[in-house]
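In what follows, a single structure is set out as structure tokens and then discussed.
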Amino acid sequence: METVLDIAAGTGVVLFLLATAFIERAWGRVLLVALTAAAVYALHPLAVQQSLSAFIDSLDSADILTLAAVLTLDGIIGCAGATLLLRAGHGRPPRWFRRLAAQQVGVVPLLALFYLELKAFHVATEWSFEATAVVLCLAIVAAGLAASEALRRLLPDRDLLAELRLLVHVGQVALAAGLTAFALQGTAANAAVAVEAGPHGVVAGVAAAGMLFGYWSHRRRLRRVAGQESAR
């Protein structure tokens, strides 16, 4: 289960870096990463009180289904936001409210950072809690700024950044479908949980298929437009 949580946290970290990379001004990226590090430092007393192994062992089917629901919700809303960004790149820019809605990446990045904080305190047993928190926050600032800048240089086209974000959100929904199946497998004897999780799995699968089809259609449309422009 820890591997699955690591993958889910990885999607959150990538989304956080993509959100940072979308900020044009350097001071804005620095401010976002600094505020995130400050929030992580503020939450370190809460993270200290948690035990990573006990937390993972205590996860039951209901907790797994809750995580799947959060991933599905974030994935669907995030796909809508990424689609707005892609449409803005090929037409009239949206108003500030729709632009703000398009930029948000959900709550998974926040949960991912808290989970990584738990792992940091679990590994750094020889350090004091304060020292671990300071080092973790400095690592967040350094890695956040360096990775977001690397994304901006490797993918200078904002459409490519939006497409990468769209793929990550689709991956979230696919992961949610897998978590739902895992929860069902562990609780096959519990009819109530099966009734609750069955429709969720169907919705997650249909949503993932629809998003993949939409992404394929978008890429096909881009190739058609590029072919028409080259033919002129």
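The values are calculated or read from the model by the stated rules, or taken from the named source; none is laboratory data. Fair warning: this is a prediction, and the values are worked out from it, not measured in the lab. Just so you know, the surface numbers come from the protein's heavy atoms only, side chains and all, with ligands and any DNA or RNA stripped out. Shrake-Rupley method; radii C 1.70, N 1.55, O 1.52, S 1.80 Å.
Averaged per residue, segment 1-45 has 48 square angstrom of accessible surface, using a 1.4 angstrom probe with ligands and nucleic acids left out.
Per residue, the convex hull spanned by the alpha carbons of segment 1-80 comes to 103 Å³. On the principal axes of its alpha carbon atoms, segment 1-42 extends 38, 25, 7 Å, with the longest extent given first.
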